[in-house]
1. How do 412-425, 440-453 rank on mean C-beta neighbours within 10 Å, highest first?
2. Compute, for Cys152, the solvent-accessible surface of its heavy atoms (probe 1.4 Å) with the complete set of protein chains present, and express it in square angstrom to the nearest 10.
3. If the viscosity is 0.692 mPa s and the temperature 37 °C, what translational diffusion coefficient in µm²/s does Stokes-Einstein give for the chain when Rh comes from Kirkwood over Cα pairs?
4. From largest accessible area down, sort Arg502, Arg118; use a 1.4 Å probe on the protein chains.
5. Let me check against my output: what whole-number percent is the relative contact order of segment 1-114, with C-alpha pairs under 8 Å and at least 6 apart?
6. Kindly express, to the nearest 10 degrees and within the range 0 to 90, the angle between helix 434-443's C-alpha long axis and the longest C-alpha principal axis of the chain.
7. Between Glu87 and Arg99, 0.36 nm times their residue separation minus their Cα-Cα distance comes to what?
8. So, R0 is 41 Å and r is the distance between the beta-carbons of Val112 and Arg336; what FRET efficiency does that work out to, to 0.05?
Amino acid sequence: MDFKRSSGILMPISSLPGPYGIGSLGKPARDFVDFLVRAGQAVWQILPIGPTSYGDSPYQSCSAFAGNPYFIDLDLLAEEGLLKPEEYRKESWGKDPARCDYALLYEKRYPVLRKAYRRFLDQRPVPGYDTPYSDDWYRFVFLSDGWLPDYCLYMAIKEANGMKDWQAWPDDLRLRDPDALDAFRAEHAEEIGFWAFLQFEFDKQWRALRQYANERGVSIMGDLPIYVSADSADAWAGRELFEMDREGHPRRVSGCPPDYFAVDGQLWGNPLYDWNYHKRTGYAWWIRRVRHAMNIYNIVRIDHFRGFDTYWAIPAGQPTARGGKWEKGPGMELFRTLSTALGDLPIVAEDLGEMFDSVRQLLKDSGFHGMKVLQFAFDGTDSADLPHNYPHRCVAYPGTHDNNTLRGWFTEETTAAQRRQAREYLALTETEGELRGLLRGVLASPADLTVVTLADWLGAGSEARMNMPGRADGNWQWRAVAGACSPKLAAEIRTLCVRYFRAKPLPGPAAEEPDSAAECKKTQPAAAASPKEKQLSKAEKSAPVRSKTGKEPGTSAARKK
């Protein structure tokens, strides 16, 4: 896939502003699309949209195919006659509009959605139809047959067993005894239908949103995690896909080896794929998964791309990742198979982390765009992450969802030497503003596509960080507040992107561009300076730059979820 020179914004669906505790697929999402259009942005990058579970990570979903019910817009359900506004507008959806309270959402959202399901059932049969449900329903169920029945059954059994991990279910259900599953289906048909209803509504709202964005020239870049959660419908119903024993217990799990950022490595715990099985079946499951992603996104970012070349395999039950070893992945054979089955693959490869020459070769052979991150650049060397070294065929970021915000990183995580290098390399000035100067470096780079988090456009500090790798709690909560995506901010973003030929000027009379860097700085949303910002000494300017190998603390953040 080829990108024309353009830019986009990374904004998770969960982070959209709105009154009901979390972002949704209705007006909040359409308003953000309108903001992107005003700002001259061509791409809206999001995080995975699957259902979240314990830990709230979108990278640990209970399904590789389902959508997150929390994102279903309640006002749209009311427009369908499935809810009454007073049934959800009077609820308290959290005390802080800038944070997602997932525990509160779990407690309150599902009872509201069950009311919508009850009205959905009461509307059967649909007037004018010979069958109990609409054609849209039957079309959705038919097209989702490869994953929907197992997912809905999994969720119904999970609900009946106190939301326990499937490996703690009764043996006959855990091991998928056919008679036990038939009996459960018969006894819990309505509950199974509830989970199908949620996916139907999610799909309907999602497709309407994608159409709205595409008609306005905005492409949606989705995120495909390489692994699936151990507690997922995919692992329960498809254990042959993974390195599992007959009881469904993983033999080996995922992670990454010890490095500068984590002395014991990172133990993610996802079951590893049985790549020999996938090869014998012609990678059928992967074809189905990537086809599904291509049907819902315009562009697909594949997480942890290096795992398709070599991956870290850790024996199950180990307390850390130290006991793992490198194993060979499927490499280009998988991507050739996908290309043969699906045609042109609109894929961006997340090629961060420890790189081998073989990983670089896989990226080159695939033809996919890789990623570059400015926050990894300032180590005192001619780093590949310095903007002048970016190839055209890449997507450039100031930072990703796994990094701190630019403000948080620059003031709290960099060394004096790194700040000095950044100031000299990018000619940062107080007049322009150092944060805007850092963004300028990425926007002016040769990269075909640049993506900036909304938090960085807002100039937010560490409180807006989306994820801190290795931290179990407190992640994935940040939300933009109402009014953050202002016309003033959109105009500033467009001005900067037009300057570096990533956007077109507004049609008609020339838009008033700030006539000085000082005026441009005025449009930046205010953010209070941290104590460290106030204390940064002029003595930093004489500090030597230390390379990565010098192990200067705070060189950059670990990249993984």
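The values are calculated or read from the model by the stated rules, or taken from the named source; none is laboratory data. This is a predicted model, so every value here is computed, not measured. When we count neighbours, we look across all protein chains shown, and the Cβ atoms used for this are built from the backbone with ideal geometry, even at glycine. What goes into the accessible areas is simple: the full protein's heavy atoms, side chains included, and nothing from ligands, DNA or RNA. Shrake-Rupley method; radii C 1.70, N 1.55, O 1.52, S 1.80 Å.
1. Taking the mean over residues of other Cβ atoms within 10 Å, the ranking is 440-453, 412-425.
2. About 0 Å², rounded to the nearest 10.
3. Details: Rh = 25.0 Å.
In µm²/s, the coefficient is 131.
4. Values: Arg502 10, Arg118 100 Å².
Descending order: Arg118, Arg502.
5. Values: 135 pairs, mean separation 29.7, N = 114.
Relative contact order here is 26 percent.
6. The angle comes out near 70 degrees.
7. Numbers: separation 12, 0.36 × 12 = 4.32 nm, distance 2.24 nm.
That pair, Glu87 and Arg99, stretches by 2.1 nm at full extension.
8. Details: r = 46 Å, r/R0 = 1.13.
That pair, Val112 with Arg336, gives E of 0.30.
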